[in-house]
Amino acid sequence: MSGSHTQAVLRLEGVGRVHGKGAAEVHALHPVDLEVRAGEFLAVMGPSGSGKSTLLALAGGLDRPSTGRVLVEGRPLEGLNRAGLADVRRRSVGYVFQSYNLIPSLTAAENIALPRELDGVPARTARAEALVALEEFGLADLADRFPEEMSGGQQQRVAIGRALVGERRLVLADEPTGALDTATGDAVLALLRARCDAGAVAVMVTHDPSHAAWADRVVSLRDGRIVDETVNHRAPLATGAAR
């Protein structure tokens with residue numbers, strides 16, 4: 001990472017999540033400390049039930065921690081009401097899910113433009129930004145197609161475009177390549193890698209070590225605890241494909 005990419009975009013300080021009370025208490029995530037800086041691609045691995053999705057939900061303000069605090073671009077999420085959390089999620093955080101979550105009745109361009117329109121950006125400007133994103137991802141010819149007219153890989157790339165449009169610098173991806181073939185999955189990972197190289201941050205949950213190889217750092221969870229953390233020296237395949 002270059003010297004300009006030094007700001008902590010995401011910081012978790014003693015963040016834990018407990019469900020239930022007393023005998024029914026379950027620690028979905030034991031208190032963890034984690035910092036992800038601008039330009040960094042972080043992969044989170046671990047078996048089912050290890051706390052990966054819980055960590056992702058807490059990082060993006062979709063759930064509130066039982067202990068500790070989460071800061072996004074230096075802004076603590078604790079104490080924010082629902083409207084405040086929604087504002088942070090809309091302006092700073094983009095989500096990419098395995099199921100794409102595109103709105104079926106909207107075209108690719110409209111799906112990408114929608115978050116910007118919700119931010120108060122004029123519809124014409126929002127569409128122009130969406131078209132730029134589609135061009136960047138090699139999907140300009142899909143601007144007026146509906147999700148049912150796209151392949152899974154195309155839908156996922158549109159979903160990434162929606163996650164990154166505007167000033168969002170934190171992308172949270174939950175198994176974004178799980179439903180894709182290898183070549184299409186690599187194309188999606190290359191998009192995430194390129195945006196991190198441009199200064200954004202991506203936190204990706206994955207079960208696949210070959211996908212984790214695209215990341216700068218890999219955090220492994222087990223039983224709600226971080227049990228290992230490794231720094232990747234970029235694999236030649238990942239680095240070359242991202243260019």
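The values are calculated or read from the model by the stated rules, or taken from the named source; none is laboratory data. Computed from a predicted structure; not experimentally measured. Don't worry about glycine lacking a Cβ; one is built from the backbone with ideal geometry, like all the others, and counts go over all protein chains shown. Accessible surface is based on the protein model in full, side chains and every heavy atom, while ligands, DNA and RNA are left aside. Shrake-Rupley method; radii C 1.70, N 1.55, O 1.52, S 1.80 Å.
Filtering region 96-107 down to residues that are open to solvent by less than 40 Å² (accessible area, probe 1.4 Å) and under 21 Å from A202 (Cβ atoms), which residue is farthest from the chain's Cα centre (by Cα)?
It comes out as L102.
Would you pick out the residues in region 7-21 that are within 15 Å of V203 (Cβ to Cβ) and open to solvent by 50 Å² or more (accessible area, probe 1.4 Å)?
R11 - this is the single residue of region 7-21 that is within 15 Å of V203 (Cβ to Cβ) and open to solvent by 50 Å² or more (accessible area, probe 1.4 Å).
If you take the residues in region 28-83 that are without any contact (Cβ under 8 Å) to a residue 12 or more places away in the chain and of a type in the set (S, T, N, Q), which one is nearest to D197 (Cα to Cα)?
Here the residue is S48.
Go through (1) closer than 28 Å to D197 by Cα; (2) without any contact (Cβ under 8 Å) to a residue 60 or more places away in the chain; (3) open to solvent by 20 Å² or more (accessible area, probe 1.4 Å); (4) of a type outside the set (V, I, T) for A24 and report which single condition fails.
(1)
If you go through region 42-70 one residue at a time, how many are surrounded by fewer than 17 Cβ atoms within 10 Å (Cβ to Cβ) and of a type outside the set (K, R)?
Step one: of region 42-70, the residues surrounded by fewer than 17 Cβ atoms within 10 Å (Cβ to Cβ) are 47-49, 62, 64, 66-67, 69.
With the extra rule that they be of a type outside the set (K, R), the set shrinks to 47-49, 62, 66-67.
So the count comes out to 6.
Specify the residue that is surrounded by the fewest Cβ atoms within 10 Å (Cβ to Cβ); the eligible residues are those in region 110-131 that are among the hydrophobic types (A, V, I, L, M, F, W, C) and within 20 Å of the chain's Cα centre (by Cα).
That would be L118.
Take the conditions touching a residue at least 24 places away in the same chain (Cβ under 8 Å), buried (at least 22 other Cβ atoms within 10 Å of the Cβ) and among the aliphatic types (A, V, I, L, M) and apply them to A143. Does it pass?
No.
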